[in-house]
1. Within the range 51-65, is there a residue that is under 25 Å from R136 (Cβ atoms) and modelled with pLDDT of 90 or more?
2. Those residues that are part of a strand (DSSP E or B) and either more than 25 Å from the chain's Cα centre (by Cα) or not β-branched (V, I, T) (or both), I need them from the range 66-110; list them, please.
3. Consider L36 carefully, then state whether it is among the aliphatic types (A, V, I, L, M), more than 24 Å from D83 (Cβ to Cβ) and either touching a residue at least 24 places away in the same chain (Cβ under 8 Å) or surrounded by fewer than 15 Cβ atoms within 10 Å (Cβ to Cβ) (or both).
4. How many residues are part of a helix (DSSP H, G or I), over 18 Å from A13 (Cβ atoms), over 17 Å from the mean Cα position of the chain (by Cα) and of a type outside the set (A, V, I, L, M, F, W, C) if we restrict to the range 23-65?
5. Can you spot a residue in the range 1-23 that is of a type in the set (S, T, N, Q), over 15 Å from Q129 (Cβ atoms) and surrounded by fewer than 16 Cβ atoms within 10 Å (Cβ to Cβ)?
6. Does the range 52-64 include one or more residues that are under 18 Å from L125 (Cβ atoms), acidic (D, E) and surrounded by fewer than 21 Cβ atoms within 10 Å (Cβ to Cβ)?
7. If you go through the range 39-80 one residue at a time, how many are free of Cβ contacts under 8 Å to residues at least 12 places away in the same chain and under 16 Å from V101 (Cα atoms)?
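The values are calculated or read from the model by the stated rules, or taken from the named source; none is laboratory data. Nothing here was measured: the structure is a model prediction, and the numbers come from that model. Every residue, glycine among them, receives a Cβ derived from its backbone with ideal geometry; neighbour counts consider all protein chains shown.
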Amino acid sequence: MPYLIDGYNLLYAMGALHARVGPDGLQKARLRLLGLLHGCYGDEAGTVTVVFDAAGAPPGAPEEHEYHGLHVRYAVHQQQADDLIEFLIQHDSAPRQLVVVSDDRRLQNAARRRHCTVLGCLDYLEDVQQRRERRRRKPREAEKKPALSSEEMRHWLAEFRDLADDPQLKELFEPFDDGEGAP
């Protein structure tokens, strides 16, 4: 499912932005959000578009670019990010598959009119946290080797029982001798 995210709205909900930020505050906050999303979506990052107001864009930033697969857009030709997000909702070719993330009522209403899924920022952050936990657990679960049942164990022991008596393999079953008499 493609996601369309109101970037600054989500940053405020995360507590990453306050009324005033230092000179690099917006850039650091944007990178924090994009890093979080990249870590959450991984190979599926291409399904995510994050829209920011152009007023806080880095100097010379392009209207759109990719950040580790994420689509990042700045509302360069619009008054604000909401205008661009609303435009993207209106022109989406499959709006029923689109998930719009914002607490802005105007955007939520625009998304509902096109039958998009709407998630408030806190609900979305909860979903992101669950997704991150699943991604962390996945490698650990993959590392686990399936245990043999007692029936399977008996089968394989019977299958390879005579290998211990094979003269060509005999040395594999004897303790290693390092030449110093210690096994």
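1. Step one: filter the range 51-65 for residues under 25 Å from R136 (Cβ atoms), giving none.
Within the range 51-65 (the criterion being under 25 Å from R136 (Cβ atoms) and modelled with pLDDT of 90 or more), the answer is no, since none of the residues qualifies.
2. Within the range 66-110, E66, Y67, L70, H71, R73, Y74, A75 qualify.
3. On the way: among the aliphatic types (A, V, I, L, M): yes; more than 24 Å from D83 (Cβ to Cβ): yes; either touching a residue at least 24 places away in the same chain (Cβ under 8 Å) or surrounded by fewer than 15 Cβ atoms within 10 Å (Cβ to Cβ) (or both): yes.
Judged against the criteria, L36 is a match.
4. 1
5. Here is the first cut: in the range 1-23, the ones of a type in the set (S, T, N, Q) are 9.
Among the residues that remain, those that are also over 15 Å from Q129 (Cβ atoms) are: 9.
Checking which are surrounded by fewer than 16 Cβ atoms within 10 Å (Cβ to Cβ) leaves us with none.
Looking for residues that are of a type in the set (S, T, N, Q), over 15 Å from Q129 (Cβ atoms) and surrounded by fewer than 16 Cβ atoms within 10 Å (Cβ to Cβ), one finds none in the range 1-23, hence no.
6. To start, the set of residues in the range 52-64 that are under 18 Å from L125 (Cβ atoms) comprises 52.
Of the ones still in play, those that are also acidic (D, E) are none.
No - not one qualifying residue is present in the range 52-64.
7. 0
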